[in-house]
Each structure stands twice: as C-alpha cells, then as structure tokens.
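One structure is given here, and the rest of the page talks about it.
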Amino acid sequence: MRHSVPRQTLILSEAVSTHFASAGRTVVGFARVLNGTIDELRLYNQALTQSQIQSEMNTPIGAAAAVRPSIATQPQSQSVTAGQTATFSVTATGTAPLAYQWQKNGVAISVATSTSYTTPATTTSDNGTQFTVAVSNSQGSVTSNAATLSVGTTTLVAPAITTQPSSKSILVGQTAAFQVGASGTGPLSYQWRKNGTAISGATAASYTTPAATTTDNGAQFTAVVSNTAGSVTSSAATLTVNAATASLTVSPTSLSFGNIDTNGSSTLGVTLKTPALPTFPFRASVLRARASAPATCLPARFWLPDNPQP
C-alpha cells in the first residue's frame, strides 16, 4: 500500500552506505532515525550516478524493474559478389526503448541505427569486413557478435548474338515473329527496334508485330541485347509485306447456252469463291456464237452484280 508521506529510499550502510532521502535531504550513518514509513527498499552493488538516482526516483513504485538489453538473434555473416549489397540484422530484448548502432570494423556507421543494416554496393576491398551492432537502453548496452562480409569476384561476359533474327515475308493483315539468340553473363536485357526506333514493350528475346499493312513493307527489325558488361545489336531482319492474293473457284465449271442466233447474246449465272473474300455471284454473257451450234461460252465477260453491265 502506498502512503501519503514523502517518498523515502533506503540503501544500507558502511559496507553498504545508508542514505535517507526525504524532501531533498540526505542523511548518512547508522544512528539516524527515520520518521515515517519506507515505501520501497532497493539494494545496489554499485554507486549510482545522479542520473540513475533521478531515473530511480521517477520510476513508479511497483513498476517492473528495467532490464538491460540482450542479443536474442546474432547478425549472420554474408557472402556476396562485388557490386551487390549485403544486409545484416539483429534481434534484441530488454526494456524499451532500445537504441541500435551498427559498426564496421569497430567504427560507428553514420545513420545505421535500426535493427538491420544494408551496405552500399560492395567492392573487393570490403572482403573480410566485420560488422557488429551495439544495443542500449537506460540500463546499459550490449554488443553483438561480429558478422563477416565475404566479397567474391566474377568475370562478366558482354553479350554476343548467337542466332540472328531472320527476315520474314507475309501478306497484308498477317503478323510476323522475330527471334534472337544471345549469350553472356545474365541477366540479359532485350530491346527490339523498328527502323532504328525502340518498340515500346518489346523487351523479350522474341517479338511479334501487329497485323501488317503495306506501309510496313521493307521495315528493318533489330534487337539490342545488353548486360552490365556491355551491349550488342543484332543484324537487321527485313519484313516484306505482299498485297493479299486469292485463288478463285468457279461454280459451275462449264456453261451451256444452247442455240443462239448469230450476233445474239445470252446470260447465265456463275459464282466465284475465294477463302479470303466473300462469295460473289457473277454473270457470264456470250458475246459471239455460231448459228445453229451450241455455244462454248467463249469468249465471255464477268462482272460484279453491283457493277453496270458493259
């Protein structure tokens, strides 16, 4: 139970000095009489600094004792390739707030004050560097084990074209697919170009054009392949776009006009079909025929129904 008297703190004497702190006064010795009730007794095995005494006086009676930091998970050593970064992390327990300070070979790293630290891009001179972290609170501090950074080297190979894109020939309305093969240290990046201009979104080893028009005829397609060691441009592949053609089928395949007067004419229906175009009905007219003889339908003319008859 808390009492209304001013707070009293007792620390035991000559081997452990006795101090009575009341209303800002300090009394030392055995023969002193304390008037009032002691709220709390705390024993220390060391002399307290003024700030520690003030911290103790500010700590509410009955509050849990502050706990010094302790490393729960040590930072782990890392291995990277030159140019890469390395990340170290630590887990600590203790009374909050906990403060962190990372060190490189024993020297504090500016603004490295969180539970993890990521290095800048490494160089071979960073190989063997040791990283530690000091964790502190109002009760003290603790330093982690050292984590070692190993930095290796690799020989970067610039890209080279192993398979050049091939030229394509298509009809109007069709698409064309171009492909390129390349070697080199990964990752490799690709950029296709049409007549020297980069094509938006064309960043894979293959590229398929939209439906072609006659304006695409003769277009030149190249691929630029790059990595951190350099870049290379493929040979140009030419796109040839031909006008659409269609094979026609005739139905019926022969016509018989019967007997026609000399210099007369006769008309019969005929249908021409093509897979690429709609079916159109045509008319065939005999322009000349021999008297009293079956007409051979030759010569004859054909025209679309919507066209006027010649």
**Asked** Could you count how many residues in the stretch 112-153 are farther than 30 Å from Q46 by Cβ, among the hydrophobic types (A, V, I, L, M, F, W, C) and modelled with pLDDT of 95 or more?
**Response** 4
**Message:** Just checking, does the stretch 135-145 include any residue being more than 30 Å from T95 (Cβ to Cβ) and touching a residue at least 24 places away in the same chain (Cβ under 8 Å)?
**Reply:** no
**Asked** Here is a list of conditions, (1) over 30 Å from Q84 (Cβ atoms); (2) more than 23 Å from the chain's Cα centre (by Cα); (3) not charged (D, E, K, R), and N145 meets all of them except one; can you say which number that is?
**Response** (1)
**Asked** Out of all the residues in the stretch 218-225, is one or more at positive phi, assigned to a loop (DSSP other than H, G, I, E, B) and outside the structural domain of G83 (by TED's automatic domain parsing)?
**Response** yes
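Can you confirm whether S167 is surrounded by 13 or more Cβ atoms within 10 Å (Cβ to Cβ), more than 30 Å from T115 (Cβ to Cβ) and of a type in the set (S, T, N, Q)?
yes
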**Among (1) of a type outside the set (S, T, Y); (2) over 28 Å from the mean Cα position of the chain (by Cα); (3) on the phi < 0 side of the Ramachandran plot - the single one G128 does not satisfy** = (3)
**Complete:** Subset of the stretch 179-217, residues in contact (Cβ under 8 Å) with a residue 40 or more places away in the chain and not in a strand (DSSP E or B), comes to V180, G184, T185, G186, P187, A212, T213, T214
**Message:** I'm trying to understand the selection: among the residues of the stretch 109-167, which are in contact with a Phe, Trp or Tyr (Cβ under 7 Å, 6 or more places away or on another chain), in a strand (DSSP E or B) and of a type in the set (S, T, Y)?
**Reply:** S116, Y117
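The values are calculated or read from the model by the stated rules, or taken from the named source; none is laboratory data. None of the values given here were measured: they were computed from a predicted structure. Positions of Cβ are generated from backbone atoms using ideal geometry, with glycine treated the same way; all protein chains shown enter the neighbour counts.
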